[in-house]
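Q: Structure provided below as structure tokens; questions to follow.
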There are 2 protein chains.
Amino acid sequence: MNQAAQIFKALSDETRLRIMGLLLEGELCVCDLMAILELPQSTVSRHLAYLRNAGLVSDRRQGVWMNYRLAAGGSGLRAETIELLRKNLAALPQARTDGQRLRRHLSAKAQAERRAACQGPGGLR
Amino acid sequence: MNQAAQIFKALSDETRLRIMGLLLEGELCVCDLMAILELPQSTVSRHLAYLRNAGLVSDRRQGVWMNYRLAAGGSGLRAETIELLRKNLAALPQARTDGQRLRRHLSAKAQAERRAACQGPGGLR
DNA sequence: TGAATATATCCGTCTATGCGGATATATTAG
DNA sequence: CTAATATATCCGCATAGACGGATATATTCA
């Protein structure tokens, strides 16, 4: 019961709900979330740690980046709660706005990477 | 999103989860919950008020008693969250124990009422 | 009206937690 | 090794909320 309370406590903060809403769309690193949510890095990291402790997200280091994603399936309250979010979160205005910002951010990022790739390592200059 | 956070915040406390678990089995008054949970009346009332503000329970006065029950169906996050609890709470040890205490309490109460009815108003003496 | 009962709210106290700047750590490139 | 970058954690401050005894309110009965 205590663990159940911990799961809900992790979801009882608007910022963490926004993060969950974004992670529903896929894996993201801390700096993506900072950019989309326009929040300081310490705030984003702290909320992610909270979600990780509750078992709702898992992290995966990839070089300098730390990628976060929703905790994998399984069963029980935790998994069903994530499904609940998947069904219900997208309808909320805040989640829609965040989703738009997410897509804009990701495409800008992809374009920047493409530019960098064209110039190549060392670059044209 | 804020409202969603409020729903989860209401469920983020172990005592309130225990109350929700008991109300899943039916309507109860404050004094029933006090007896089953062995908590002071002010604590029980406070938690019930919190759940009511989150829209998770509704109250209904019946004479001196205030009966609480789970908020009626409807749709959306709130209703689906209650369904989530219905599916997952009963499996938890604490909820089982509380359920046993609930049944014991209700049958003792029914028996006391029967006794009172036999003696009738005014009583045998 | 007055007593009894059930409930709601008030109060002071204590802990949990949100915030964001500052600092520490980890990884990569040179 | 050093610099740069991304992230985690620390810190002090402020607020939310849990607790339970005390008090206020509402209802019923005589």
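Q: Tell me whether the stretch A:8-30 contains one or more residues that are near DNA strand C (Cβ under 10 Å from one of its atoms), open to solvent by 50 Å² or more (accessible area, probe 1.4 Å) and not aliphatic (A, V, I, L, M).
A: Yes, the stretch A:8-30 contains at least one residue that is near DNA strand C (Cβ under 10 Å from one of its atoms), open to solvent by 50 Å² or more (accessible area, probe 1.4 Å) and not aliphatic (A, V, I, L, M).
Q: In addition: Just to be sure I understand the filter: pairs with C-beta atoms under 9 Å, separated by 6 or more residues or on different chains, first member in the stretch A:16-30 and more than 13 Å from chain B (Cβ to nearest Cβ), second member among the polar types (S, T, N, Q). Which pairs pass?
A: These pairs meet every condition: A:Glu27/A:Asn67; A:Leu28/A:Asn67; A:Cys29/A:Gln62; A:Cys29/A:Asn67; A:Val30/A:Gln41; A:Val30/A:Ser45; A:Val30/A:Asn67.
Q: Let me ask another. Give me the residue from the stretch A:31-55 that is more than 12 Å from every other protein chain (Cβ to nearest Cβ) and of a type in the set (Gly, Ala, Ser) and, out of that set, nearest to B:Ala10 (Cα to Cα).
A: Checking each candidate, the answer is A:Gly55.
Q: When the residues of the stretch B:59-80 are filtered to those that are among the basic types (Lys, Arg) and away from every other protein chain (no Cβ under 14 Å), which remaining residue is farthest from DNA strand D (Cβ to nearest atom)?
A: B:Arg69
Q: I'm trying to understand the selection: among the residues of the stretch B:38-70, which are in contact (Cβ under 8 Å) with a residue 40 or more places away in the chain and more than 8 Å from DNA strand C (Cβ to nearest atom)?
A: Within the stretch B:38-70, B:Tyr50, B:Leu51, B:Asn53, B:Ala54, B:Gly55, B:Leu56, B:Arg69, B:Leu70 meet the criteria.
Q: Considering only residues that are crowded, with 17+ Cβ neighbours inside 10 Å and over 12 Å from B:Asp98 (Cβ atoms), look in the stretch B:35-58 and name the one that is farthest from DNA strand D (Cβ to nearest atom).
A: Across the stretch B:35-58, the extreme among qualifying residues is B:Val57.
The values are calculated or read from the model by the stated rules, or taken from the named source; none is laboratory data. Just so it is clear, the structure is predicted and the values come from calculations on it, not from any experiment. No Cβ is skipped: glycine too gets one built from the backbone with ideal geometry, and neighbour counts run over all protein chains shown. These accessible areas exclude ligands, DNA and RNA; they are computed on the full protein's heavy atoms, side chains included. Shrake-Rupley method; radii C 1.70, N 1.55, O 1.52, S 1.80 Å.
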